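The values are calculated or read from the model by the stated rules, or taken from the named source; none is laboratory data. Model, not experiment: these values are computed from the prediction. Note that we place each Cβ from the backbone using ideal geometry, even for glycine, and neighbour counts take in every protein chain shown.
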Amino acid sequence: MREAMATRAGYTTLKLALFLVCSSFASTAVSGLTFNDPPAPQNRSSFPEGFVFGVGSSAYQYEGAAFEGGRGQSVWDTFTHKFPGRIRGGGNGDVADNFYYLYKDDIKLMKSIGLDAFRMSISWSRVLPRGKLSGGVNKEGIEFYNNVFNELLANVMILEILLSFASKNLAIVLRTGSHIMSQLLMPLVAMTAMAAIHREDAPPGLFVPKGIQQLSLMLPLTISSFPMQQSSNYTRRNIRFIHPLVYGEYPKIMQSVVGSRLPKFTKEQSAMLKGSFDFLGLNYYTAYYAADIPHNTENISSTTDPMVKLSSYDISGVAIGNPTELRGVFVSPKGLYDLLIYTKTKYKNPTIYITETGIPDRKDGPIKRAIEDLHRIDFYNIHFSTVQEAIRKGVKVKGIFGWSFLDNFEWASGYDIGYGFFYVDFKNELKRIPKLSAIWFKNFLNKSGKGMFAYIFVPCYSLHVFTL
C-alpha cells in the first residue's frame, strides 16, 4: 500500500484498487494446514516489517447525525424509515455510534490500542446532499471529514478512505436513471448491487444497462468434499470482475454461460482493463461448500448463472467450521488460506490487503457476556496465523483490517449483533466498553504504528491520491 503512494508534484494518479467481497465462500483444498490445533502465540513482531493492522468502519453504520450538518438523504435513510420491519429490531442509522460527534474520543481509543490504520468511508449524502456538484457541496460535511482526517494524523494513524458504497445519495440514484454516468468506476461492491436487486432486506437498486458503475468481486471457491471439477467450474464462472482486470476478458466458461447478456470489451477496453489495480482488498468472514446444479434455461439471471448449490454443510452433514452467534456464519480459516493461495496462483500474485474480517456476537444478553469475547480472540488469533502461513507460501498480504472497532448498525441485523472490539451500549448514552478482545489486541500490537499517509478513491478512471 505504501508503495502505491509515491507522489508526483503533490499527487499521483493511481490504478484502481479492486476490493473483493469474499465473505461468503470457501476455497479449494490446496493446503496442508491443520486448523484444529490452536495457533502458536504471536504478536506484531511475528509479521513482516511494515505490516498494517487496522480496523474498519463505514459512514452509515457509524456516523449518525443523519439529518444534521447539511447532510442529504441516503437510500438507507429512506429504506429503514419506510420499511422498518425489514430491519431486525426496526433500527436505523439515524444515530448509530454517533461518530459524527464522538470521533475525537474514538480516535483516542484507537491510539490507545496501538492500531496502525483506520478504514472509513465518505458519505455521498454528507458531501453532495443534492447528488451533483451543481447542486452544491456541503461545507459542513467537508469540514467534518477534514476534522476527522486531521485528528487521525495528529494521532499517527494511517487513514484509508472509501467513498461510501451503502450511503449512496438518493438524489444520485434518482438522477442516474435518466442520465447514465457511463464512465463511473466504483471499487466496491458487487454484493451491494446483488442485494439491491434480489433481496428484501436492502434498499432497492436501479439497474443501469450502460456503463461500468461498480467493480468488485465475490470469489466463490469450494472445499474439496465436492468433486474438484465442480469446484473448478464454479470458480471460473464466478470470478467475474477480477479476471478481466488481470487478463482483459471474462473467463471462457462465463462467456459461454452468460452469452449475449455479458458485455464485450473492445481491444482498447481490454488493454485498459489489464493490470488496472494496484492491490486487491479481500473481505472475508466465512465459507460455504459448493456443488454444481443444472443451468436454469427458463428464468435466467445473474443468480442462476453460477449453477451452484451452496451449503454450510458437506455431503456428510458436517459443518464447514465452528458456528458463530449469527445463523449461517461459521468460522473457517481454511477458506481464507485457500482463497489467498488461489488468488496468488491464478492472478499473478497481487498485493493483497484483508480489508474486513471479523466474528459476530448477539447483543440480547447481559453486557458482561458480550465483553467476555474469548471467541473473538480465538478468531483473530487463528486467522492471523492463517495469514502468516499464506505469507510464508509467498502470498503478498500487506495488512489486515478487523471488522469492526465498535459495535454498530449491522444492516438487516440492526443492532442485534456486534462485531466490535468495543461494546457500544446503545441504551446508555452510547458508552464504549472495551471487550477482552480489545485488551488482547492491545497486547498483541504492543507499540504504535509508524508513518502516515492517506489515499482516497474518486469515482472516475483517474484516481487521484493526495498525501496529507
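On the stretch given as the range 378-424, residues that are in a strand (DSSP E or B), out of contact with any Pro (no Cβ under 8 Å at 6 or more places or on another chain) and among the aliphatic types (A, V, I, L, M) total 4. Of the residues that make up the range 96-109, is at least one surrounded by 14 or more Cβ atoms within 10 Å (Cβ to Cβ), of a type in the set (A, V, I, L, M, F, W, C), within 30 Å of Asn446 (Cα to Cα) and over 23 Å from the mean Cα position of the chain (by Cα)? So far as the range 96-109 goes, yes, one or more of its residues are surrounded by 14 or more Cβ atoms within 10 Å (Cβ to Cβ), of a type in the set (A, V, I, L, M, F, W, C), within 30 Å of Asn446 (Cα to Cα) and over 23 Å from the mean Cα position of the chain (by Cα).
In the range 246-292, of all residues being aromatic (Phe, Trp, Tyr) and in contact with a helix residue (DSSP H, G or I) (Cβ under 8 Å, 6 or more places away or on another chain), the one that is nearest to Thr304 (Cα to Cα) corresponds to Tyr250.
Applying the condition of being polar (S, T, N, Q) and not in a helix (DSSP H, G or I) to the range 110-155 and asking which residue is surrounded by the fewest Cβ atoms within 10 Å (Cβ to Cβ) yields Asn155. Does Ile341 satisfy the condition of being part of a strand (DSSP E or B) and either within 20 Å of the chain's Cα centre (by Cα) or surrounded by fewer than 14 Cβ atoms within 10 Å (Cβ to Cβ) (or both)? No; evaluated as a whole, the condition is false for this residue.
Against the criterion of being closer than 23 Å to Phe47 by Cβ and either without any contact (Cβ under 8 Å) to a residue 24 or more places away in the chain or hydroxyl-bearing (Ser, Thr, Tyr) (or both), Thr304 does not qualify. Being closer than 22 Å to Ser332 by Cβ, out of contact with any Cys (no Cβ under 9 Å at 6 or more places or on another chain) and in a strand (DSSP E or B) is true of Tyr353. Restricting Val331, Val387 to residues that are within 18 Å of Phe47 (Cβ to Cβ), crowded, with 21+ Cβ neighbours inside 10 Å, among the aliphatic types (A, V, I, L, M) and modelled with pLDDT of 95 or more narrows the list to Val387.
Restricted to the range 283-298, and to residues there that are among the β-branched types (Val, Ile, Thr) and free of Cβ contacts under 8 Å to residues at least 60 places away in the same chain, the residue that is surrounded by the most Cβ atoms within 10 Å (Cβ to Cβ) is Ile293.
Selection of first residues in the range 333-350 that are under 28 Å from Ala319 (Cα atoms) and of a type in the set (A, V, I, L, M) and of second residues that are surrounded by fewer than 19 Cβ atoms within 10 Å (Cβ to Cβ) and at pLDDT below 95, restricted to Cβ pairs under 8 Å at least 6 apart or on distinct chains, gives the following pairs, ordered by first then second residue: Ile341/Val30; Ile341/Ser31. Taking (1) assigned to a helix (DSSP H, G or I); (2) of a type in the set (D, E, K, R); (3) without any contact (Cβ under 8 Å) to a residue 12 or more places away in the chain in turn, Glu49 satisfies each apart from (1). Selection over the range 27-57 of residues that are farther than 29 Å from Leu406 by Cβ, at pLDDT 60 or above and buried (at least 19 other Cβ atoms within 10 Å of the Cβ) gives a count of 0.
You will find that of Tyr247, Tyr284, Tyr288, the residue that is under 23 Å from the mean Cα position of the chain (by Cα) and under 20 Å from Lys396 (Cβ atoms) is Tyr284 and no other. Can you tell me which residue in the range 312-334 is nearest to Glu356 (Cα to Cα), limited to those that are assigned to a loop (DSSP other than H, G, I, E, B) and among the hydroxyl-bearing types (Ser, Thr, Tyr)? The extreme case among them is Ser332.
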